[in-house]
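What follows draws every value from the coordinates through simple rules; no lab data is involved. All values reported here derive from a predicted model rather than from experimental measurement. Glycine gets a Cβ as well: all are built from the backbone with ideal geometry, and neighbour counts include every protein chain shown.
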């Protein structure tokens, strides 16, 4: 528990360091590198053709950009993967918390514990896709959202569970349950089971 509190304290420090761009850039440098490297590596793997990588801070209007990767081949099929690439660092943050930071607390190695807390919070900070990441991958994210939604609807209907799942959701939130006729195949399966 103390390690989690330390990580959250470091995270709050990182959030509040936004008042000074250079302080934020310095404190977040390892996380910025990891964040942009995630975009670059995933972009390479999904053939988004990464073209330029930088972690040098620059001003863009009224905000600062700590780093960026440009791509030549972002499209509807690979954009979501590139946009959400930094979330791959959530397990790394968990590893840092449970395998580095917590043991240092138990062993009373306070300097290493503080450093591990900083590392964990920076990795956690870098695991969040930025608003710009989500905007750039928006069409791809919508595309895959539709695919997943349709897959769920079709899959649950074909298996005859759509009515039960939908009914449970409506009842859970306290809404009246609409009558949804199942697909013919699902009706035939139910008739055979009875």
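Structure notes:
- Difference of contour (0.36 nm per residue) and Cα-Cα distance, residue 5 to residue 147: 47.2 nm
- Once the chain from residue 77 to residue 18 is taken as fully extended at 0.36 nm per residue, the excess over their C-alpha distance is 17.9 nm.
- Semi-axes of the equivalent ellipsoid for the range 1-84, computed as √(5λ) from the eigenvalues of its C-alpha gyration tensor and ordered from largest down, come to 28, 17, 10 Å.
- Spin-label model, residue 107/residue 52: points 7 Å from Cα along the beta carbon direction are separated by 4.4 nm.
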